[in-house]
Amino acid sequence: MLQDAQNLMAVAQTPWVLAPTFFMSAGGTVAALAGLAVGRLIPGLGPVGYSILASLAHILGQFLVAWALFVPHPALWTLLPLLLTGALILGGVNGILAAGICRHLKRPGAPP
């Protein structure tokens, strides 16, 4: 147990923990969680809607972090429509799969 704690501390002290990918991931995560919080205010939003909302917010959060911290070039904005389109499609696919799983879990007699 002590070795695990020492390993965790060693990882936390390495400089790559705060590498650009950390900030990109954190920006996307915070944005997705904010999007899901906003989604709670929309009545009747199901798994597909939540997934699309989180996906779009996630890519937008990552994009804004990339633009603000790493590549503040106006041409970067030309990629945003393509990235949002991909997020919309993959968020929809993910939501459809999640909705199918939710239906299966609610079925009477389904295994726990």
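No lab work stands behind these numbers, since they all come straight from the coordinates. Note that the coordinates shown come from a computational prediction; the quantities given were computed from them, not determined experimentally. Neighbour counts run over all protein chains shown; Cβ positions are idealised from the backbone, glycine included.
Being under 23 Å from T21 (Cβ atoms), more than 14 Å from the chain's Cα centre (by Cα) and aliphatic (A, V, I, L, M) is the filter here; which residues of segment 43-91 pass it?
Passing the criteria: A66, A68, L69, V71, A75, L76, L79, L80, L82.
In segment 24-40, how many are among the small types (G, A, S) and out of contact with any His (no Cβ under 8 Å at 6 or more places or on another chain)?
Within segment 24-40, residues that are among the small types (G, A, S) and out of contact with any His (no Cβ under 8 Å at 6 or more places or on another chain) number 6.
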